[in-house]
Structures are given as C-alpha cells and as structure tokens.
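Chemist: Sending over a structure as structure tokens; questions will come in a sec.
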C-alpha cells in the first residue's frame with residue numbers, strides 16, 4: 001500500500017502466507033460471507049497501521065464501501081506500573097491476569113475483615129471471601145473499562161479499590177445503599193409503573209436525577225459512534241452521584257405522603273436498573 005512503511009503481502013515470494021493473508025481472508029469472510037455491515041477490531045495499538053492497510057485493500061477490492069459499511073479499529077494502550085513502564089514483575093516477566101485478580105481479592109478480603117473487626121461491617125464471616133471476590137473482580141473490570149482504550153494507564157490497586165471517586169467499589173457501595181432503601185420500602189415498583197405513577201420534580205436533586213436518567217440513550221449513541229466504552233463508566237459514576245444526592249436530600253420512604261413517595265420510588269428503581 002502506498003505511503004506505508006511496510007507492504008501488505010497477501011502471499012510471500014516463497015509461496016507462504018502470514019498475518020496479512022489470514023487477516024485479509026478473515027475480513028473477506030466477515031464482509032462477503034457473513035454480510036457484516038459493521039466490524040470493529042480491538043487489538044494492541046501497534047497493529048493500527050496493519051489493519052488500516054487491510055481495510056483499505058478490502059475497500060479497493062470492492063468488498064465494502066463507506067456508504068453501506070463501517071470498518072473500524074480500536075488500538076488499546078499499554079498497562080503501566082508506577083514507574084510508567086509496561087507492567088511487569090520485578091524479574092521483567094509479563095504479569096498474568098489471574099495474579100492481578102487474586103491480589104485484588106486478597107486486598108479486598110483483608111479490608112473487609114479489618115472493617116468487621118472494627119465493627120464497621122455487617123457481612124457475615126462465611127460470606128466475606130465471596131464478597132471480596134465479587135468486589136475485587138468487579139473493581140479491576142471497571143478500572144480497565146473506565147480508561148480511554150487508546151491511552152496507556154497506570155495500574156494501581158489503591159486507586160482501583162478506593163471507596164471514593166470513579167471506581168467500581170464506589171458504584172457497588174452506592175448500589176447497595178440504594179437497594180437497601182428500596183427493600184425497606186416494601187413497594188411493588190412494577191405495580192407503580194403499570195399504574196403510570198406521576199413523577200414529581202420539585203426538589204433540585206429530583207430534577208438532577210431525572211435529567212441524568214434521560215441522558216442514558218444519548219450516552220449509548222455516543223459510545224457506539226465514538227467507540228469509547230469509558231464514556232459508559234463516566235455516565236454510571238455521574239448517575240451514582242446524582243442518585244446518592246437524591247436519597248440523601250430527598251426522603252424516599254414517607255407513608256404520610258404516598259404521592260411523593262411513589263414518585264421517588266419509581267425514580268430510585270430506574271437508577272438501580274441502570275446500575
């Protein structure tokens with residue numbers, strides 16, 4: 001391909017085949033046999049130039065065109081250690097994902113046991129390990145997803161497991177708080193929905209939460225267009241902040257005012273559903 005540092009070689013001079021050949025064959029199959037009209041490749045960012053050549057060659061071959069197809073590549077960055085270099089063990093070996101997950105769970109389990117010893121936790125002893133696994137695994141997944149896929153980022157357990165800020169742990173704790181309020185209400189939200197409960201937006205926190213809930217569809221469209229999944233986590237964090245302020249400033253359970261209570265319960269359930 002013109003202007004490229006390396007050529008696209010469908011077949012080598014010795015008759016052999018390489019990555020160019022197999023990737024072009026895969027692209028042909030997806031476009032011409034599966035009839036895919038949108039394809040997104042997600043690989044290391046160093047392969048961006050290679051896939052751009054494949055896409056261009058396929059376009060010149062008439063396999064796809066800009067008006068009826070979308071063929072994109074997302075190049076993800078490098079996970080770095082505190083020194084800013086590619087994340088590795090002290091011996092220089094690649095860090096295994098299972099080891100990162102195990103360490104996250106171990107740290108979370110230690111934290112939960114310390115909270116229990118201080119009387120700050122309500123998790124039964126026999127559930128601490130399972131809870132640590134759910135929080136620890138979720139924290140790593142969220143931390144990775146919340147970073148721009150094209151950028152390098154520093155892997156940090158302290159930031160990942162922080163209960164404050166844009167972390168999976170904060171979102172899980174926020175969800176637990178909202179769910180607790182919903183459970184205490186004993187309300188049948190499905191019945192409230194079917195009854196087409198009127199939504200009251202008088203308090204500033206009610207309006208803020210309502211606007212945030214309405215943003216969800218726009219966020220999804222933006223993510224699908226820009227191919228930046230981290231915008232979903234940004235939205236969920238913003239939603240959690242609004243929902244937390246909502247239950248803090250607006251009393252949800254109030255039997256003496258069923259109209260307002262039902263309105264707030266429906267909004268709370270919607271926030272939980274999107275979590």
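The values are calculated or read from the model by the stated rules, or taken from the named source; none is laboratory data. Just so we're clear, the structure is a prediction, and the values are computed from it rather than from any experiment. We place every Cβ from the backbone using ideal geometry, glycine too, and count neighbours over all the protein chains shown.
Chemist: Return the residue satisfying two criteria in turn: it lies in the range 158-171 and is out of contact with any helix residue (DSSP H, G or I) (no Cβ under 6 Å at 6 or more places or on another chain) and assigned to a helix (DSSP H, G or I), and of such residues it is nearest to residue 261 (Cα to Cα).
Modeler: 170
Chemist: I would also like to ask the following. Residue pairs, Cβ under 6 Å, 6 or more apart or interchain, first in the range 59-71 and closer than 17 Å to residue 225 by Cβ, second surrounded by fewer than 13 Cβ atoms within 10 Å (Cβ to Cβ). List them.
Modeler: From residues that are closer than 17 Å to residue 225 by Cβ, the pairs are 69/37; 70/38.
One line per residue, one yes/no per condition, for (1) more than 21 Å from the chain's Cα centre (by Cα); (2) without any contact (Cβ under 8 Å) to a residue 12 or more places away in the chain; (3) on the phi < 0 side of the Ramachandran plot; (4) crowded, with 19+ Cβ neighbours inside 10 Å:
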residue	(1), (2), (3), (4)
210	yes, no, yes, no
219	no, no, yes, no
223	no, yes, yes, no
231	no, no, yes, no
236	no, no, yes, yes
240	no, no, yes, yes
259	yes, no, yes, no
268	yes, no, yes, yes
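Chemist: Name the single residue that is farthest from the chain's Cα centre (by Cα) among those in the range 111-125 being loosely packed, with under 12 Cβ neighbours inside 10 Å and part of a helix (DSSP H, G or I).
Modeler: Going residue by residue through the range 111-125, those that are loosely packed, with under 12 Cβ neighbours inside 10 Å are 114, 117-120, 122, 124-125.
Those still in the list that are part of a helix (DSSP H, G or I) too: 114, 117, 125.
Numbers: 114: 29, 117: 33, 125: 30 Å.
Across the range 111-125, the extreme among qualifying residues is 117.
Chemist: Looking at (1) in contact (Cβ under 8 Å) with a residue 40 or more places away in the chain; (2) touching a helix residue (DSSP H, G or I) at 6+ places or on another chain (Cβ under 9 Å); (3) surrounded by fewer than 19 Cβ atoms within 10 Å (Cβ to Cβ), can you tell me which one residue 227 breaks?
Modeler: All conditions pass for residue 227, except number (2).
Chemist: Determine if the range 187-199 includes at least one residue that is part of a helix (DSSP H, G or I) and modelled with pLDDT of 90 or more. Please lay out each step first, then the result.
Modeler: We begin by selecting, within the range 187-199, every residue part of a helix (DSSP H, G or I); these are 189-194.
If we keep only those that are modelled with pLDDT of 90 or more too, we end up with none.
Checking the range 187-199: not a single residue is part of a helix (DSSP H, G or I) and modelled with pLDDT of 90 or more.
Chemist: OK, next. In the range 16-56, what residues are in contact (Cβ under 8 Å) with a residue 60 or more places away in the chain and either surrounded by 18 or more Cβ atoms within 10 Å (Cβ to Cβ) or within 12 Å of residue 72 (Cβ to Cβ) (or both)?
Modeler: Of the residues in the range 16-56, the ones in contact (Cβ under 8 Å) with a residue 60 or more places away in the chain are 40, 42, 45.
Within the range 16-56, 40, 42 qualify.
Chemist: Answer yes if at least one residue in the range 137-146 is in contact with a strand residue (DSSP E or B) (Cβ under 8 Å, 6 or more places away or on another chain), under 19 Å from residue 44 (Cα atoms) and not in a helix (DSSP H, G or I), and no otherwise.
Modeler: The answer is no; no qualifying residue exists.
Chemist: State which residue is modelled with the lowest pLDDT when the search covers only the range 31-79 and only residues that are under 30 Å from residue 160 (Cβ atoms) and not in a strand (DSSP E or B).
Modeler: Checked the range 31-79; the qualifying residue modelled with the lowest pLDDT is 78.
Chemist: Further question: Exactly one condition in (1) surrounded by 13 or more Cβ atoms within 10 Å (Cβ to Cβ); (2) touching a helix residue (DSSP H, G or I) at 6+ places or on another chain (Cβ under 7 Å); (3) under 28 Å from residue 270 (Cβ atoms) is not met by residue 129; state its number.
Modeler: (3)
Chemist: OK, next. Examine the range 98-110 for a residue that is closer than 15 Å to residue 176 by Cβ, buried (at least 16 other Cβ atoms within 10 Å of the Cβ) and modelled with pLDDT of 90 or more, and state whether such a residue exists.
Modeler: Filtering the range 98-110 down to residues closer than 15 Å to residue 176 by Cβ leaves 108.
Of the ones still in play, those that are also buried (at least 16 other Cβ atoms within 10 Å of the Cβ) are 108.
Now drop any that are not modelled with pLDDT of 90 or more, which leaves 108.
Within the range 98-110 (the criterion being closer than 15 Å to residue 176 by Cβ, buried (at least 16 other Cβ atoms within 10 Å of the Cβ) and modelled with pLDDT of 90 or more), the answer is yes, since at least one residue qualifies.
Chemist: Looking at residue 255, is it within 30 Å of residue 76 (Cβ to Cβ) and touching a helix residue (DSSP H, G or I) at 6+ places or on another chain (Cβ under 8 Å)? Spell out the reasoning first.
Modeler: Values: within 30 Å of residue 76 (Cβ to Cβ): no; touching a helix residue (DSSP H, G or I) at 6+ places or on another chain (Cβ under 8 Å): yes.
Judged against the criteria, residue 255 is not a match.
Chemist: Return the residues of the range 140-152 that are buried (at least 17 other Cβ atoms within 10 Å of the Cβ) and either under 15 Å from residue 232 (Cα atoms) or modelled with pLDDT under 85 (or both); say none if nothing qualifies.
Modeler: 142, 143, 144, 146, 147, 149
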